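What follows is a short report on a single structure.
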Amino acid sequence: MIRLTEVTKTFPGTSKPAVDKLSLSIGEGEVVVLVGPSGCGKTTTLKMINRLIEPTSGSITVAGQDILSMQAHELRRGIGYVIQQIGLFPHKTIAENIATVPSLLGWDKVRTDERVAELAQLVELSPEFLDRYPGELSGGQRQRVGVARALAADPPVLLMDEPFGAVDPIVRANLQDELLELQSRLKKTIVLVTHDIDEAIKLGDRVAILSEGGHLEQYDSPGEILRNPANEFVADFLGSDRGIKRLSLIPISEIKLDPGPVLSRRATREEALSVMARYDIGWAAIGDGADVEGWFTADDLEGHKTLRDVKARSFQIKLKPEDSLREALDAVITSHTAAAAVFDGDRYLGMATVDEISREIVQ
Amino acid sequence: MEFLGDLVAWFLDPENWTGPAGIPSRVWEHIQISVVATVAAAAIALPPALWLGHRRRGGFAAVAAINIGRAIPSFAIMALFLPISIRLGLGLGFWPTLLALFALALPPIFTNTYTGVRDVDPALVEAGRGMGMTDGEVLRKIEAPMASPVILAALRVSAVQVVATAPLAALVAWGGLGRYIVDGFAVQDNVRVLAGGILVALLSIGTEIVLGAVEKRVVPQGLTTTEDVVTGAHA
């Protein structure tokens, strides 16, 4: 969908190129994240795709067409663009902001209004905001408007320059999830720039790691990059915790689950205590096969001969097989239980244990 | 007290409200020359100021304009242009005064428009450009409206200055409210001098109020939405 061939950009007055002979191919419907330290030319590269910066040499094609053969403003109307500062126009209402490109393209009012309403729904922005001004919205809401505005004319390509850089971490995580959710429906070709490797791993189908001067150090799926960093630069950039980072890419269904300390209501107190001892923990679950109703501690057994009348506590954290090992690890650590129960709906699958999770880190 | 009584009597005298030397026609002359001078200055200053601001170039011109404007007194311009005007057959009063007022109004309009446009948040300009606006569209749809509060304020300040300076026209034998002051001096009629002064002050204040009201209506709504309103909406 987008192809950069030997693209070089040297800014006037500098001898060293900001981007040096970069070649990169981005497939249709793919999310590619450009990531690297500052000065690596990632933003320059992004801005060359919509010609906000003109390449010094090399060629860039979008959908097979050489972008230099098109009028710059025509090209840009066909490419969604989201920037870190969001850049909503304070003198226009939210609806007018979203309708920026449709208005440039000369859409009539009916079509524009319909599209604006549709987009507001898409980014989960309540319609009452449409007549307000950007100054009246929170950071997260403004960011949603920024994305809606970029999507207004339904461009096949979306360029995002540090889109979540200006919001706090909690809002950022939500917006990232929303973007992934949106992308699963829209299947746009997205090029996103960030300096945050965790964001790159979370959002990218493929991640391009750039070093100073726009050198492509590695271009691969996040899992592959974490498993096999191409060189020392990449390994350093990923950080020493890359093993743990990788956990966020592996679903729980990939590992072997321990059946866990599960006892039926018929079990005796002695049996329960011996199971706990075997697992070296102070609790066990009550259930029958895939039907687990809850858990109890050794203290709960006080005064009971069997488990028949023991009160079952409900699980605070129920993991799903599609959750990541990172979430499983968090659950295990925060619940002080050495294991976290995994359920598929109501069906108990087993326990994710620290042992099994850490096996993936070591690999 | 007697003087005050004379002043009131002057304003109540129907003689002073009729004919070519009456208050209405003097006010009209005053407004005419002020409007022509301000509109001409805006017409000449705005296009280059908007464009240079858009290109974020020519800051020296803005600084030079405001400095020259400050350095040359209106009175000097009139004195300089008077003989030229006579030689060109343009007559005594109107043109030299108009030129002086024009020169007075132009620098603040130019400089404020230039800086107003230049200082528009670059992120907005980049967003507009990135979405496919041409240079003209960026200027028309983003920069000019964003700078409009500054531009309109400059127009208002210039207009008020012009109205307050226009009485000079009477020195070179043109009309306007300056006539009362100049003629009053000539015949040592202090009441008339003061009455003229009061009328000039009132017209200046009126200009300020009217243009202030226009400003409020013209400035885009989102730009007047202050932070207070935001907190109010969320509370």
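Peptide A:82-89 has a mean shielding of 5, counted as Cβ atoms of other protein chains within 10 Å of each residue's Cβ.
Once the chain from A:Ser248 to A:Ala290 is taken as fully extended at 0.36 nm per residue, the excess over their C-alpha distance is 12.5 nm. Using a Gaussian network model of chain B in which every pair of alpha carbons under 10 angstrom is joined by a spring, one finds that among B:Thr111, B:Thr97, B:Thr18 the greatest mean-square fluctuation is at B:Thr18. The Rg/Rh ratio of region B:7-135, with both radii computed over alpha carbons and Rh defined as the Kirkwood radius, is 1.18. Computed from the C-beta positions of B:Leu88 and A:Ser314, the FRET efficiency with R₀ = 60 Å rounds to 0.05. The calculated Kirkwood hydrodynamic radius for region A:252-362 is 14.1 Å, given to one decimal from all distinct C-alpha pairs.
Against chain A, whose longest principal axis comes from its Cα atoms, helix A:325-334 is set at around 50 degrees. Think of it as helices only: each DSSP H run of n ≥ 4 in chain B is worth -39500 (n - 2.57), and spread over all residues that comes to -25000 deg cm²/dmol at 222 nm. Helix A:269-279 and the long axis of chain A differ in direction by around 40°, with both axes built from C-alpha atoms.
When +1 charges are put on Lys and Arg Cβ atoms and -1 charges on Asp and Glu Cβ atoms, the dipole computed for the protein assembly as shown relative to its Cα centre reaches about 1760 debye.
Expressed in nm to one decimal, what extension gain is obtained for the pair B:Glu208 and B:Ser25 from 0.36 nm per residue of sequence separation less their Cα-Cα distance? Don't jump to the answer; show the numbers that get you there.
Numbers: separation 183, 0.36 × 183 = 65.88 nm, distance 2.09 nm.
Taking 0.36 nm per residue and subtracting the Cα distance, the gain is 63.8 nm.
Using R0 = 22 Å, the C-beta based FRET efficiency linking A:Asp196 and A:Asp236 works out to 0.90. Taking chain B as a Gaussian network, where each spring joins two C-alpha atoms under 10 Å apart, which residue of B:Ala61, B:Ala144, B:Ala71 fluctuates the most? Top of the fluctuation ranking is B:Ala71. Between B:Gln221 and A:Glu302, the FRET efficiency from the beta-carbon distance, with R0 = 45 Å, is close to 0.05. For region A:228-242 and region B:135-195, write down the distance between their C-alpha centroids in whole Å. Value for the Cα centre distance between the two parts: 69 Å. Inter-label distance, B:Asp6 to A:Phe343: 10.0 nm, where each label sits 7 Å from its Cα along the C-beta direction. Computed on region A:2-247, with alpha-carbon pairs under 8 angstrom and 6+ residues apart, the relative contact order is 28 percent. Label-to-label distance for A:Met70 and B:Ala61 is 3.4 nm, based on points extended 7 Å past Cα in the beta-carbon direction.
Taking a quarter of the surface of the Cα convex hull of chain B, what do you get in nm²?
That works out to 18.2 nm².
Set against the 2.2 N^0.38 Å expectation for a compact globular protein, chain A has a Cα radius of gyration ratio of 1.26. Averaging Cα coordinates gives a centre for region A:86-105 and one for region A:259-289; these two points are 62 Å apart. Mean-square fluctuations from a GNM of chain A, with a 10 angstrom spring cutoff on Cα atoms, peak among A:Gly135, A:Gly223, A:Gly78 at A:Gly135. Full extension of the segment from A:Asp108 to A:Glu54, taken as 0.36 nm per residue of separation minus the current Cα-Cα distance, would add 16.2 nm.
What stretch of chain A, leaving out the sites themselves, is the longest with no GluC sites (Glu not before Pro) in a DSSP loop having at most 16 other Cβ atoms within 10 Å? If you can, show how the numbers build up before the last one.
Values: sites that count: A:Glu28, A:Glu124, A:Glu212, A:Glu302, A:Glu322.
That gives A:29-123 as the longest site-free run.
Since every read-out is calculated from the coordinates, none of them should be taken as a lab result. Everything numeric in this text was worked out from a predicted model, so none of it was measured. Neighbour counts are summed over all protein chains in view; Cβ atoms, including those assigned to glycine, are modelled from backbone coordinates with ideal geometry.
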